[in-house]
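One structure is given below, encoded as structure tokens.
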Amino acid sequence: MQGVCHCTDCKRRTGSAFGLSSYFPRTRVVATDGQTGVYAFRHARCAHDQARHFCVRCGTTLYWTISALPALIGIAGGCFADEGLPEPGYSANHDQKERWLALPESWAKDTEAAERPFRVAPQACG
């Protein structure tokens, strides 16, 4: 599933108005190669723990796990820059969206999104 998140943590993670995220079943991730650093914290508003893995060479957020979604792994949308991503289908924490940002009406808001499978094998940055 592809989506954008407007929470403060995702805004800080990306330095932007939202974070672009792709979620995959952990069993579908082929590899997470290379050394990563980890930034772990408790997301107060959503009441779950997150562990964000980033490249120790360039600082790019690569992937993360969320205690509330133990079967999934989140991968930063920018990691797919060469291959591109399908259009996101949901807007998480939509109530924190910047007022000037317009999103398609067809996107699900907050928890309305249904999980959809994708066949993408993410690779660590190199």
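Where only DSSP H runs of four or more residues are counted, the chain gives -1500 deg cm²/dmol as its mean residue ellipticity at 222 nm, each run worth -39500 (n - 2.57).
Classify the range 31-93: rounded, prolate or oblate, from the alpha-carbon gyration tensor (a ≥ b ≥ c, eigenvalue square roots; a/c under 1.5 rounded; otherwise prolate if a/b is larger than b/c)? Since a/c reaches 1.5 but b/c is at least a/b, the shape of the range 31-93 is classed as oblate. Working from Cα pairs under 8 Å separated by at least six residues, relative contact order for the range 2-112 is 30 percent.
Only alpha carbons enter this Debye calculation for the range 2-112, each as an equal point scatterer, and the log10 of I(q)/I(0) it gives at q = 0.21 Å⁻¹ is -1.34.
Stretching the chain fully between His43 and Glu87 yields a gain of 13.2 nm (0.36 nm per residue, less the alpha carbon separation).
Name the residue from Val38, Gly19, Ala108 whose Cα lies farthest towards the positive end of the charge dipole of the range 2-112, charges +1 on Cβ of Lys and Arg and -1 on Cβ of Asp and Glu. About the Cα centre, the residue reaching furthest to the positive side is Val38.
Throughout, read-outs are computed from the coordinates displayed, never taken from laboratory work. This is a predicted model, so every value here is computed, not measured. Methodologically, a virtual Cβ is constructed for each residue, glycine included, from the backbone with ideal geometry; neighbour enumeration extends over all protein chains shown.
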